[in-house]
Each structure stands twice: as C-alpha cells, then as structure tokens.
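Below: one structure, written as structure tokens.
Every read-out reported here was derived from the displayed coordinates using simple, explicitly stated rules and does not represent laboratory data. Just so we're clear, the structure is a prediction, and the values are computed from it rather than from any experiment. Neighbour counts are summed over all protein chains in view; Cβ atoms, including those assigned to glycine, are modelled from backbone coordinates with ideal geometry.
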Amino acid sequence: MSGTLIALAVIFTELSLIAFGGGNSVLPEMQRRVVEVQHWVTADEFSALFALAQAAPGPNMMIVPLIGWHVAGFSGLLVSSVAKFLPSSLIACFAVTLWDRFRDRPWRAVVQAGLVPVTAGLVAASAAVITVASVHSWLLAAITGVTGGLAAFTRAHPVALLGLGALVGLAFGGF
Amino acid sequence: MTTINMDGEAIERPGNGQLFSGFLGLGLMGFGGVLPMARRMMVDDRRWLTAEEFTDLLGLCQFLPGGNIINMSVAVGMKFQGWRGALASILGLIAAPTAIVICLGAIYDRYRQDPSVEHLFAGLAAAAAGLLVSLAWKVMKPLLNRPLALAIVVVLFVAIAVLRLPLLATMLVMAPISIFLSWRLSR
C-alpha cells in the first residue's frame with residue numbers, strides 16, 4: 001500500500017515538473033507509467049477515466065485525483081493531487097515574485113517560442129495514444145472523427161460533443 | 001479594499017475568502033476550457049485585474065510547467081495574499097471538480113459491467129479522443145509553414161507516441177534543441 005502511494009507521489013511529481021504546455025502534454029507519459037509500467041489500470045480503463053475527467057467541469061487535469069482514487073482510495077487521491085499540483089504551484093509562487101525582473105528579457109520570449117513545437121508534438125502524441133486506446137470499432141472511429149472535425153471547425157461546445165459521443169455509443173454500440 | 005489605478009479603473013483587492021469563492025465558482029463553471037471564464041471572472045466581474053495584468057499573468061503561466069489555469073490561480077492568490085492566498089485559490093479551483101470527478105468515477109466502477117453503460121463510456125472515450133485530435137490540430141496549425149518547428153513536432157511525436165520513450169529524458173534532449181533553434185532564428 002505505502003509502496004503504491006510512493007509510486008503515485010514519484011510519478012505525479014515528475015509529471016508536475018515537466019508539464020510544459022499544460023496537462024494534455026504529459027498524457028502519454030501518464031498512460032505509459034500507469035498502464036504499462038505499474039499495470040494499475042488497463043489502457044481501456046485509462047481512456048475511460050480520461051473521458052470522465054473531460055466530462056467533469058474545471059481544469060483539464062482532473063484525471064490525476066481520479067487515478068489516485070482508483071488506485072489507492074482517499075489517500076491515493078490526496079497523494080496524487082498534492083504531487084501533481086504542489087511542485088508546479090511552488091514554481092508559480094516563486095516565478096510571480098520574480099516576474100517583473102524577467103518578463104522583458106529577450107531570453108524569455110526565445111524560451112517560450114522554443115517550447116511551442118515541443119508542446120505541439122506532445123499534444124499530437126496525446127491525441128494518437130488516447131485515440132489508439134479508445135477506438136476499437138468503426139463506430140468508435142466515426143465518433144472520434146466526427147467529434148474531432150466538429151471541435152476543430154465549428155464552435156460546438158465540448159461537453160455537447162462528449163454527450164453526443166456517449167449517446168451514439170449507447171444507441172449503436174450493441175450492433 | 002478598492003484602489004483606483006492609473007487608467008481610472010476600480011481594482012478590488014480580494015481577501016482569502018473571496019479568492020476561494022471566486023475560484024470555486026470558476027471550477028464549477030468551466031467545461032472544457034476554463035480560461036475565457038477566468039478572464040471574465042477576474043477582469044470583468046470581480047475586477048481583481050486589469051485586462052493588461054491578466055494577459056501579462058497568462059504569459060507567465062504559459063511559460064511555466066503545469067496547467068495554465070492552475071498556475072493562474074496560484075499566481076493571483078500569491079499576488080494578493082501571499083502563500084495563504086495561493087493555497088485558498090488553488091483549493092477553491094480544484095475542490096468541486098475533484099468531488100464531481102470522484103462521483104463519476106464511483107458510478108463508472110459500479111455500473112461498468114452493464115453492456116449499455118460500457119457502450120456509453122466507449123462512446124464518451126471516443127469523443128474525448130476526438131477533442132484531443134482537434135486540440136492537436138489547433139496547436140499544430142500555426143507551425144505548418146515552419147519546417148524546423150514541424151521537424152521538432154515529428155521527432156517528439158515519434159519518440160512519445162510510437163517509441164513510447166520516457167518523457168523526462170525526451171524533454172531533457174528536445175527542449176534545449178528546440179530553444180536553441182528558436183534562439184538562432186530570432187537573431
């Protein structure tokens with residue numbers, strides 16, 4: 001049990017410190033550690049937990065407490081949340097007090113611009129990893145394709161699209 | 001406490017309780033994108049920040065590791081009330097979504113054996129994957145006419161999605177290379 005909590009703490013602390021570009025960029029690494037290394041959940045379950053977290057309101061990293069809770073109950077929830085949110089928050093506290101000094105330095109813009117393609121590659125990897133783990137049939141492939149297209153090219157609300165996907169899965173998944 | 005800044009706009013200075021309640025409401029409202037809501041809450045409704053201060057803080061939060069809105073809550077709390085304010089803000093932001101997501105998780109665990117529920121969650125997961133695909137498209141679009149940036153994107157994609165290499169090691173190699181290229185191009 002305590003070994004599980006330590007593993008949760010190590011994994012989410014590491015993810016907290018390298019999540020440049022937000023939570024979605026560390027999704028493949030989270031899946032690799034939680035599914036392939038620790039075998040806490042299957043790839044299917046990971047996708048379902050990710051989808052649940054997307055369906056809930058709030059910041060998009062709500063999959064973190066969910067995994068902690070799923071793996072080790074309430075203590076897992078606490079450990080994973082503190083590990084994921086505390087290190088990056090300490091950096092943010094520290095940075096906001098120094099921000100006036102480095103905001104206008106040329107290196108800041110250079111570093112920020114340099115991280116953009118890195119984040120883009122990681123988000124593309126997230127999309128691929130989650131799609132491969134979630135799509136097992138032509139119906140599910142169609143749901144992913146239509147949802148992706150509507151979200152990219154219309155102003156459709158994300159929660160409406162999630163609801164639509166769930167309803168289509170419910171209505172036609174048995175055929 | 002209200003002060004008048006140089007532009008004559010009234011700016012409120014929130015206490016810990018107001019920071020908590022402001023971010024609590026934000027955590028409950030924001031579906032699939034809290035940032036536009038965050039701007040409305042902090043700039044238009046509660047007048048904690050001017051539009052310029054908001055954009056400036058957002059620039060900082062995008063620069064740092066972690067989710068933008070999580071960093072934003074910490075930075076705003078820190079700015080007004082020190083570490084206690086930062087704690088009040090982030091707890092307010094994640095309290096309600098955590099409770100809701102755990103309830104959804106309990107429902108999923110309880111009923112997942114039921115074939116209908118299984119199909120419902122399969123459809124939900126496929127739609128969530130679709131949202132990620134659209135997000136990937138949106139972050140890639142500005143890079144399409146920049147071959148070097150696209151090369152970095154492809155290398156990271158192959159390393160993480162295809163080869164499943166550890167992220168930390170990949171970042172330690174690729175982030176400096178990408179920053180170096182950005183520096184060379186900026187000169």
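Local charge for residue B:64 was computed over the other residues whose Cβ lies under 13 Å away, with Lys and Arg +1 and Asp and Glu -1, and equals +2.
Legend: mean number of C-beta atoms from other chains within 10 angstrom of residue C-beta atoms, peptide B:172-181, equals 4. Estimated from helices alone, the mean residue ellipticity of the protein assembly as shown at 222 nm is -25500 deg cm²/dmol (sum of -39500 (n - 2.57) over DSSP H runs with n ≥ 4, per residue).
Our summary gives chain B a relative contact order of 17 percent, counting only alpha carbon pairs under 8 angstrom and 6 or more residues apart.
Its alpha carbons considered, chain A gives a radius of gyration followed by a Dmax of 18.2, 62 Å. Choose one of B:102, B:123, A:35: the residue whose Cα lies farthest towards the positive end of the charge dipole of the protein assembly as shown (beta-carbon charges +1 Lys, Arg; -1 Asp, Glu; about the Cα centre). Checked the options; the winner is A:35. Charge tally around residue B:88: other residues with Cβ under 15 Å, Lys/Arg +1 each, Asp/Glu -1 each, net +4. Residues A:18, B:152, arranged from fewest to most other Cβ atoms within 10 angstrom of their Cβ, appear as A:18, B:152.
Net charge of the neighbourhood of residue A:134, taken over other residues with C-beta under 14 Å away and scored Lys/Arg +1, Asp/Glu -1, is -3. With a Förster radius of 45 Å applied to the C-beta separation of residue B:183 and residue B:103, the computed FRET efficiency comes to 0.40. As an exercise, use a Förster radius of 22 Å and the Cβ-Cβ distance of residue A:156 and residue B:138 to find the FRET efficiency, rounded to the nearest 0.05. E between residue A:156 and residue B:138, to the nearest 0.05, is 0.95.
Among A:2, B:182, the order by Cβ neighbours within 10 angstrom, fewest to most, reads A:2, B:182.
Extension gain, residue B:113 to residue B:47, is 18.9 nm, computed as 0.36 nm per intervening residue step minus the present C-alpha separation.
Cβ crowding within 10 Å, taken as a proxy for footprinting-reagent exposure, orders B:80, A:50 from fewest neighbours to most as B:80, A:50. For the protein assembly as shown, a crude dipole built from +1 on the beta carbon of Lys and Arg and -1 on the beta carbon of Asp and Glu, taken about the Cα centre, is about 680 debye to the nearest 20. Taken about its Cα centre, segment B:2-111 carries a charge dipole of about 340 debye when Lys and Arg each add +1 at the Cβ and Asp and Glu each add -1 at the Cβ.
For segment A:2-102, a crude dipole built from +1 on the beta carbon of Lys and Arg and -1 on the beta carbon of Asp and Glu, taken about the Cα centre, is about 180 debye to the nearest 20. Partners of residue A:84 within straight-line reach, counting lysines whose Cα lies under 25 Å from its Cα and excluding those fewer than 8 residues away in the same chain: B:79. Counting Cβ atoms of other protein chains within 10 Å of each residue's Cβ and taking the mean over peptide A:152-164 gives 4. When the Gaussian network model of chain B links Cα atoms closer than 10 Å, the mean-square fluctuations of B:113, B:81, B:18 top out at B:113. When a/c is below 1.5 the answer is rounded, else prolate if a/b is larger than b/c, else oblate, so apply that to segment B:2-111 with a ≥ b ≥ c taken from the square roots of the Cα gyration tensor eigenvalues. Prolate, because a/c is 1.5 or more and a/b exceeds b/c. The Cα atoms of chain B give a gyration tensor whose axes a ≥ b ≥ c have a/c of 1.5 or more with a/b no greater than b/c, which makes the shape oblate.
Helices that extend 15 Å or more along their long axis by alpha-carbon positions and average at least 1.0 on the Kyte-Doolittle scale are, among the DSSP H runs of chain A, A:2-18, A:63-102, A:106-134, A:138-153, A:158-172.
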